[in-house]
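Throughout, read-outs are computed from the coordinates displayed, never taken from laboratory work. For clarity, every value in this text was computed on a predicted model and none was experimentally measured. Here the Cβ is made from the backbone with ideal geometry for all residues, glycine too, and neighbour counts use every protein chain on show.
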Amino acid sequence: MVEYSPFSKEVMSGDPYPIYAQLRDEAPAYLIEQYGAWAISRFEDVWQSSMDNEHFSCEQGTTASHLLTKVQPVTPMINMMDPPAHTKLRSKIRTHFAPRALGELEPMIRKLAGELIESARDKGELDVMGEFASQIAVRVACTVNGIPLEDGDLLGELVTRFFGREPGVDGMTPDGLAAMGELAAYFVGLAQSRRGNCDPEENVVNLLTAIEFDGQKLDDESIASHLTMLIIGGAETFPKVFANGIRRLGEHPEQRAQLAADPSLIPEAFQEILRYDMPTQFLCRVVTKDFELHGRKFETGQPVLFLYPAANRDPREFENPDVFDIRRCPPRILSFGQGTHACLGIHVAKLEGKLCLEETLRRIPNYEIHLDRAERLVTDFVQGYASFPITFESY
Ligand code: HEM
């Protein structure tokens, strides 16, 4: 019988897929007894549950640190709100993430990507995490939200500490919690400096200082909490997806050559990269109304883990799911969530993926990967590489 814990060595060490396959087949509704929490792993179950506001809530938190180890305080982040309050807030800030609002990002990302590769040209080596994708992601997240670009490095470091894990500590560490406090303090200061003193239409930070719900403005702590989520969402996931993509294309030179020869295939390839190696291992909900799934009774108050990477490799949804195929074009994947809380940054992330892959494959299409030197994060939450070096011939 399958045994699963999000904190087990097997799950955290980089290849959780054998356990995920067992869960899907043997225990699609699995009770993690230690925490009285459920884990669901089949694509259709995660898809449907993501859209179900009748039986699930986000208000008590969505991470293991909120709901299992309970070390992270629940603060008013957009992703931890339920409708109708969530719908109101999301509809106001959504315009800043719509494709037509992202026009200025394209030249910025292209230029930055080009410069970062160029700066590694003499050395012939580039860490695509630390020296490339992370640099781009944090600057893009700052730009989209209206956060000063010069603070990008500081924020990038705080986000990395937020996600840090230590052997022997399940979930978030004291240092991660301290980093969260520092992020909040930074954003309180930023909100105070903008309040009553900016154009609310210009960007998300400004908008949050001016927005009113039932005649009440958001307080500084709430604004800081929403902005913490926005910088974390923006800065952390994309680099991990990108490094995984560079790895998979390195392992499949024939598919990489197709992309280099025909960059119009890149958006589809990025979808497959997202499906194949989804970094976010799970997000949680809490049951608000009893129901049954696969003969098991889910009770009010129990946390439920949505195991996205397990769902993204479910053979009930994808033919040969463990095969990496840039021409797969599936009608649906779960890498950006689904429904009420589907990723607000989806167009930003897709644009980053497209442009970063285009610039990489145009300049250094024959890069080599070095798995023996890549440093993998050991973590329950957002998995991937801490560093991923590639080498290339000077061009
Ligand atoms: C490849 C990169 C990314 C991936 C894989 C990703 C993934 C996700 C997922 C799975 C969710 C669903 C959360 C849930 O259901 O609880 C989500 C939500 C969210 N993401 Fe992303 N994300 C990415 C990039 C971004 C970027 C670039 C931004 C912003 C600049 C962003 C901002 C957000 C926000 C604000 C939410 C919460 C939306 C809500 O609760 O209404 N994400 N993301």
Revision key, fill the gap. Final fewest-first order of D262, D175, D380 on the 10 Å Cβ neighbour count is D262, D175, D380
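Hey, what's the Cα Rg ratio for region 303-395 versus the globular rule of thumb, 2.2 N^0.38 Å? Intermediate values should be presented prior to the final figure.
On the way: Rg = 16.4 Å, N = 93, 2.2 N^0.38 = 12.3 Å.
Against the empirical 2.2 N^0.38 Å value, I get 1.33 for region 303-395.
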Practice item. Output the peptides 331-341, 269-279 sorted from most to least packed, where packing is the average of other Cβ atoms within 10 Å over each peptide's residues. Key: 269-279, 331-341
Point to revise | Rh by Kirkwood over Cα pairs, then Stokes-Einstein D for region 1-64 at 1.567 mPa s and 4 °C, µm²/s | key: 100
Review point. Who wins for biggest fluctuation among L112, L344, L155 in a Gaussian network model of the chain, springs between alpha carbons below 10 Å?
Key: L112
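When only DSSP loop residues count, what GluC sites (Glu not before Pro) in region 321-395 have their Cβ near at most 14 other Cβ atoms within 10 Å?
Values: sites: E352, E358, E359, E368, E375, E393; in loops: E393.
Passing both the DSSP loop test and the Cβ count: E393.
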Practice item. Alpha carbons only, please: Rg and Dmax for the chain, in angstrom. Key: 20.6, 61
Practice item. Restricting things to alpha carbons, tell me how big region 349-395 is in terms of Rg and Dmax, in Å. Key: 13.1, 39
Exercise for review: Return the distance in nm (one decimal) between the two label points of a simple spin-label model at E125 and T69, each offset 7 Å from Cα along Cα→Cβ.
Suggested key: 3.3
Study note, to complete from the structure: Per-residue ellipticity at 222 nm attributable to helices in the chain (runs of n ≥ 4 DSSP H, -39500 (n - 2.57) apiece, nearest 500 deg cm²/dmol) works out to -13500 deg cm²/dmol
Check your understanding: By the scheme Lys and Arg +1, Asp and Glu -1, what is the net charge of all other residues having a beta-carbon under 14 Å from that of G339?
Key -> -2
Exercise for review: Please report, to two decimal places, log10 I(q)/I(0) for region 231-309 at q = 0.11, 0.14 Å⁻¹ as given by the Debye formula with identical point scatterers on the Cα atoms and no solvent.
Suggested key: -0.47, -0.64
Practice item. Report the label-to-label distance for K9 and A101 in nanometres (one decimal), using points 7 Å from each Cα along the Cα→Cβ vector. Key: 4.6
Point to revise | Sparse-neighbour loop sites [trypsin sites (Lys or Arg not before Pro); region 333-395; at most 15 other C-beta within 10 Å; DSSP] | key: R373
**Study point:** Equivalent ellipsoid dimensions for region 73-127 as semi-axes, Å, which come from the Cα gyration tensor, largest first
**Key:** 38, 17, 6
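If you take the beta carbon distance between V323 and E59 as r and set R0 to 41 Å, what does 1/(1 + (r/R0)^6) give as a FRET efficiency, to the nearest 0.05?
Numbers: r = 39 Å, r/R0 = 0.96.
Rounded to the nearest 0.05, the efficiency is 0.55.
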Revision key, fill the gap. At the level of C-alpha centres, the distance separating region 79-132 and region 174-192, in angstrom, is 21
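Give the whole-number value, in cubic angstrom per residue, of the convex hull volume spanned by the C-alpha atoms of region 181-280. It would help to have the intermediate numbers written out before the result.
On the way: hull volume 14.9 nm³, N = 100.
Per residue, the Cα convex hull of region 181-280 comes to 149 Å³.
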Revision key, fill the gap. For region 50-107 the GluC sites (Glu not before Pro) that pass both the DSSP coil test and the at-most-12 other-Cβ-within-10 Å test are E54, E104
